[in-house]
Structure formats: structure tokens, C-alpha cells
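Visitor: The structure under discussion is supplied below as C-alpha cells; questions concerning it will follow.
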Amino acid sequence: MPPMAPPEALSIVDHLEKCVLRDEQGAKYPVIDVRPSDLYKQSHLKNSLSLPWDEDPYNRLFELPPKNTTPIYVVGANTAMLDEPVRLLTSRGWQIVHTIIWAADTPSESLRPFIENGHHIEGGCRYTMVCQPLRFLSSHIEAIEAALCERAGGEAVKTWRALDIGCGSGRDMAFLALRGIAASLARGWDVTGIDSVPGCVSRCLQFAARLGISDRMRAVRGRFIDTDPSGNDGAPALPGEVYMHLRTDHGTHPFTTKSKYDLVLLVRFLNRESFDLIDHHIAPGGFLLISTFVEGPGLPEYSRPPPGSCNRLQLGELRRFWHDRKGYSVVADIVELLDDNRPINSFLAQKPCI
Ligand SMILES: C[S@@+](CC[C@H](N)C(=O)[O-])C[C@H]1O[C@@H](n2cnc3c(N)ncnc32)[C@H](O)[C@@H]1O
């Protein structure tokens, strides 16, 4: 692929004067600030995400907005500092509309009008979330919360519990855990994620710490397995690892016994052998949300053959299991194509209340 032409660079003042982070239609662009964190702390554009390029940014790319659909601005202290981020981000599919040079020695005089009128610039290190959760989740969350309130009758429930299985880096968990705070809801979500990869678990934990929500967003290393390898029902076989036993309904770890969740998520993760276990962990009137790859007649075929195919849903499979067999009410069951034409089945269902 030929190297991409660098996006137009603007000085911070020109930038603020000309476009104020908006295009002609008024759309706002997320701003990614790759300067070292001490420069960011001194002053930065309001609502920009600090992603210091000198601090292992590769582990934090999941915090960026979706590729292709959301063009971004990138802020660096000088053009040399912008080279690598611009090259890497564009090669991975992000579209950069502008880069902004914001040097440490930017004359404060020129910035003063902006600082004085309180527009666009702030100091400190308050975290700004610019990544987005699964759209199917964000578009249904209010309906889920309304149904959970209804389930509670007049009872004052302050916290709902969610479990994200195969949680990856925790974007959907963060979205849920932040809801109570962001929307000033009287209620909020306490979220637990499970992932078999230690790097995912540590990314989740660091993400929660950056967001200041470690008290309500936690992640554990866990793996679905068919049998109990420890020979000691429920005890982790490896230090720090939780096994979720598919063929036993008892054990010492909370995931294998008592915990009930108001919402269980499986996003781009499928382990159909665990469906009975998952059902066990959904509270009466609670919800199951699955969104993952699907195949079937009439859908575009995957260019790549199995082994992945056992992790793909078959059309109608979720309705047959969760509605026909388990009696869940189906709230939504849609098939959509991703940008790369792969079909995704997103499914939301509510467990009977009794
Ligand atoms: C494609 S990623 C999806 C991550 C996240 N849900 C998202 O949408 O961004 C699938 C995740 O499932 C995890 N995973 C794979 N097999 C697993 C298992 N048996 N038990 C728990 N997690 C598993 C992987 O480590 C990975 O983070």
C-alpha cells in the first residue's frame, strides 16, 4: 500500500479559530492527544483522550473510536512526534482528518483568550472516553433498564449486576459501569468480566482504574472448559485462573454457584456448550445479549473456512434454544453485515420472571 499523505497540520490556535473541532455540518471529532502526559496535564483540548505515545500506546488502541466511521484529530508536540502515531493509526484503518501541533512552549499569550473565555482548553488529567460500546447494547440499554425497574415493582434497587463473558478489553463493561455516573441515574451497573487471556484482564483493570470505576468494574481470568481439570471441584487449577465448569452445577467459585446477573453479555464470543450454565446465572426477569458471527442460507459466505466456523451461530439457533427451549421472550433478533460483509447476529432476550 502506498504511504498515506500526512493529514493537514494546523497550529492549535488556527485550529481552534477555524474549525473548533467541528466540520461544516457541525459534527464533532474525537481528539487523540499523543503528547507525554505531563504536557497533557498542563493543558489540552477539552474532551480529548490522552494516549501518550511514549507509554506503550499499543495496549490502549481499543480505547479509540471505531475505525472507518469516526475520523479523528491527533495532537502532538511537533511533527516528529506525530510521525509514528499517524503512520500506525492510518495503517490500522483510522481516518485522521487533521493533526494539531501543540508545543510545550506554545506562547501562553495566544492561548490566553481561549483559556479566559473557558472555551476548548483545560488542564489536569480527567479521562475522556471516546471509544464506543456495541451499538446493539447502547440502543437497547434503556429498554433493559426500564424492564428491570418494572421487574422490581416499587422496590428500590440501586445496583444491577452484569456479567460480560469473553469481555476482551472491557469497552462494553465500561459503558455499563459509567451509565449511573454519566446519566446521573439513581441506579447503576456493577459489572464483572471474564476472559481467558491475562492481557485482556489486565487491560480491563487498567481501563477501569483510568476511568475511576474500579469499584464497579472488575475482571477475572476465566475459561470455559468441559470438565474440572483440578480434580477438586471448583478450585482453580492454575493460580489466579477461574474455571467455569460446564458439567457441574456446584463448586466453590461464585461463577459456578450462586451468582445471578441481571444482564449477561457474549459479544464476539460464543461457547454454546455453556448455554445451560449461562441460563443458570441469569436472574429471573434478567436479560441475555449475544452478538456474534452467524452463517446460514442467504447470508454472505465467509472467505475463510473453519476452524472458526464452530464459533459461528447458525441462523435461528439462538431463538430455538433460548425461546423455544428455555422460554425466554425475544426482544430483538437481527442480522446485520459488518463493513467487511461478515454477518453478525445480535440477540436480546429476557428470562421469565418466575
Ligand atoms: C473477539 S474477542 C471479543 C471481546 C469483547 N467481547 C469485544 O466485543 O470486544 C473474544 C474474547 O473471548 C476470549 N475468550 C476466548 N475463549 C474463551 C474462553 N473459553 N473463556 C473465556 N474467554 C474466552 C478471548 O480472549 C477474547 O478476549
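Every read-out reported here was derived from the displayed coordinates using simple, explicitly stated rules and does not represent laboratory data. This is a predicted model, so every value here is computed, not measured. A quick note on method: Cβ atoms are made from the backbone with ideal geometry, for glycine too, and the neighbour counts reach across all protein chains shown.
Visitor: Net charge near residue 136, counting Lys/Arg +1 and Asp/Glu -1 over other residues with Cβ under 12 Å of its Cβ?
Guide: -1
Visitor: List the GluC sites (Glu not before Pro) within region 261-354 that fall in a DSSP loop (any state other than H, G, I, E or B) and whose Cβ has at most 12 other Cβ atoms within 10 Å. Spell out each step's value before the answer.
Guide: Details: sites: 273, 295, 301, 317, 336; in loops: 301.
Taking region 261-354 and a limit of 12 other Cβ atoms within 10 Å, the loop GluC sites (Glu not before Pro) found are 301.
Visitor: Per-residue HN-Hα couplings for region 131-144, Karplus 6.51 cos²θ - 1.76 cosθ + 1.60 at θ = phi - 60°, whole Hz, x for Gly and Pro?
Guide: 7, 10, x, 3, 4, 4, 6, 5, 7, 10, 5, 5, 5, 4
Visitor: Pull out the extension gain between residue 272 and residue 354, defined as 0.36 nm times the separation in residues minus the alpha carbon to alpha carbon distance; nm, one decimal. Kindly include the intermediate steps, with their values, before the conclusion.
Guide: Values: separation 82, 0.36 × 82 = 29.52 nm, distance 2.40 nm.
Result for the pair: 27.1 nm of gain on full extension.
Visitor: Fewest first, what order do 169, 43 take by the number of other Cβ atoms within 10 Å? Show your work: numbers first, answer last.
Guide: Values: 169 25, 43 17.
Ordered from fewest to most neighbouring Cβ atoms within 10 Å, 169, 43 come out as 43, 169.
Visitor: Once amide H atoms are placed 1.01 Å from N in the peptide plane, what residues at a sequence separation of 5 or more from residue 78, or on another chain, have their amide H within under 5 Å of its amide H?
Guide: Long-range HN contacts for residue 78: 102.
Visitor: Let me check I've understood the local charge: for residue 148, count other residues with C-beta under 9 angstrom from its C-beta, Lys and Arg +1, Asp and Glu -1. What total comes out?
Guide: Numbers: positive: 151, 187; negative: 145, 150, 262.
Charge balance in the 9 Å sphere: -1.
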